[in-house]
Ligand SMILES: Cc1ncc(C[n+]2csc(CCOP(=O)(O)OP(=O)(O)O)c2C)c(N)n1
Ligand SMILES: [Mg+2]
């Protein structure tokens, strides 16, 4: 059965705009009982026949392998995915966080967790969960809520329908996410005669549904009557390959566009209508314009709370929404006019229907002025001097990396204080140049994510910006980068704890409690010295050369050295955790205790209540 599975996966293709590509790029894995025999044997047989059929990559942590797979799929605009095979029990459940990340970010990945015997011949197995009230539950059932398709192959006869459904979901722009096929270890090793046709070359088509013309007509009427329209461009713009269509739409109409984390890159930073980041981590330009917008045009966005500033960003009482989205789930959000279809097709239709429309002149010039003012803010942040003890200002590190990287290079990040700062400050010059995982914002994504990006685009340098907290979650994948001869430039930002959650904690009155990496003292608290931990030595021990940079010139030299190298480099910098990026007058809803014995909490609660008062439900129908 495992041999059949491998053969099938190697024969799947995806066609988009007439171009065909292999759908399943390869298989990540860590072997143990449950996959060492069945799938392991099948992958070995396949590699010995032809290593390009289904390349096998050994990772270090199952969650990390899913991150790599997901990052690869994102770089490929969801045209390709990886399979990930694990042993039973902990190997399998280690993937659950990765599965959630894939599904939340709508990125395809095929998960193949091993499962205990279908026959139950030797139960309970090592690592098998026994449920007193149910005989057919395994730990793998925990994948159900985080998977877009879930199946368990109890019998070899079930394989064809499971595989066809798995491919259907992986290639569906609306449904895609984690697809989980649980493989009981005995069934993997069983023989069965399937029809030959199952293994024939199979080409899946990437759906690009055209919007209904009446819907385009209705959207155009609303937009044509708008005086202050703004676009919210999400990841769907990039996945659909609609970046040029968006640039033309904005240029033709003068409508400005703010970008979500996944949508950053949908317009290059210096496009005349580009407002940069929008929302809680947005720019002053985008946030000022959406505040008064009368029509918000959401394109390929799922309107997360960071994008909407927890439903406070759109403050015009008459605001209406027009949502272009392939997913009905997103298209109806904020009671918007739902234009359901592919982002590129919808934008092209709207551009042609709105020909001749331009935003009012005064509005167009306020767009230009606000965008220019923000660019000055960015330049100043890039030039920020060091903080206490000569430690870097994080904005200056971001600035140097941006200025020294090539336009097509890729920036990878996921959690901590950097995603917000990067969203605001990073000057994106290529649609695929900005890769911040902010659907799940999962600490530890950065290094394995960088691996996936580099595997997908070996012709681009990949800059992984990672905090010390995130680094400690998943440093082991540096070993996988060494093994696979993958070049990463890792900027390891040491600030001895959580700058991000520290600042958040302070804002909610919790006094940065538990966010510093400090020695526990006789007081019983974490208020002692910095820890005697050397993350640079840790990275070096994993086989990656490390450069410590303590000032601007050293950092410039370090980046240049890393760029010249053909293998990975870790650049270690110390930053001041108390220095943040420029503010943009926005809010994020994180509830504060209503009652408390702490003055700091009580003060934060007063502020919270005031902000909470600005939150709106956006329920007014758009017709
Ligand atoms: C797996 C996971 N656990 C917890 C969190 C919550 N969280 C978000 S940022 C952060 C701290 C990140 O620290 P670090 O990487 O050092 O970045 P810094 O905040 O210092 O910039 C935490 C704990 C998360 N996003 N992901
Ligand atoms: Mg930190």
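Where a number appears in this text, it was derived from the coordinates with a stated rule and is not lab data. Just so you know, these numbers come straight off a predicted model, no measurement behind them. Virtual Cβ from ideal backbone geometry, glycine too; neighbours counted across all protein chains shown.
Extension gain for residue 165-residue 369 works out to 68.4 nm (0.36 nm per residue, less the C-alpha to C-alpha distance).
One Cα centroid belongs to the range 256-281, the other to the range 432-477; the line between them spans 21 Å. Between residue 430 and residue 507, residue separation times 0.36 nm minus the direct Cα-Cα distance comes to 24.2 nm. The label-point distance for residue 550 and residue 380, in a model that sets each label 7 Å from Cα toward Cβ, rounds to 3.1 nm.
Listed by Cβ neighbour count within 10 Å, with the fewest neighbours leading, 607, 232, 367 appear as 607, 367, 232. DSSP finds beta bridges in the chain, and of those with both partners inside it, around 10 percent are antiparallel.
In the range 1-129, the DSSP beta bridges split such that about 25 percent are antiparallel, to the nearest 5. Taking a ≥ b ≥ c as the square roots of the eigenvalues of the Cα gyration tensor of the range 274-416, is the shape rounded (a/c under 1.5), prolate (a/b larger than b/c) or oblate? Cα axes put the range 274-416 in the prolate bin. When a/c reaches 1.5 or more, the comparison of a/b and b/c decides; with that in mind, is the range 529-574 rounded, prolate or oblate per its Cα gyration tensor? The shape class here is oblate.
Taking every alpha-carbon pair under 8 Å whose residues sit at least 6 apart, the chain reaches a relative contact order of 13 percent. Extent of the range 93-169 along its three principal axes (Cα atoms, max minus min coordinate, largest first): 37, 28, 20 Å. Sorted fewest first by neighbouring Cβ atoms within 10 angstrom, 413, 457 come out as 457, 413. Computing FRET efficiency as 1/(1 + (r/R0)^6) for residue 210 and residue 388, where r is the C-beta to C-beta distance and R0 is 60 Å, gives about 0.55. Each label was represented as a point 7 Å from its Cα along the Cα-to-Cβ direction; for residue 315 and residue 603 these points are 2.4 nm apart. Taking the three principal axes of the alpha carbon atoms in the range 11-149, the coordinate ranges are 53, 36, 25 Å, sorted in descending order. Rounded to the nearest Å, what's the spacing between the alpha carbon centres of the range 70-109 and the range 589-614? Just the number, please. For the range 70-109 versus the range 589-614, the Cα centre distance is 38 Å. At what distance in angstrom do the alpha carbon centres of the range 9-44 and the range 150-181 lie from each other? Value for the Cα centre distance between the two parts: 13 Å. Over the Cα atoms of the range 296-378, the radius of gyration divided by the Kirkwood radius equals 1.01; this is the Rg/Rh ratio. Remark: the residue 134-residue 119 segment gains 3.9 nm on full extension, using 0.36 nm per residue and subtracting the alpha carbon distance.
With a ≥ b ≥ c the root eigenvalues of the C-alpha gyration tensor of the chain, is it rounded (a/c under 1.5), prolate (a/b larger than b/c) or oblate? Judged from the Cα gyration tensor, the chain comes out oblate (a/c at least 1.5, b/c at or above a/b). Listing 572, 423 from fewest to most neighbouring C-beta atoms within 10 Å gives 572, 423.
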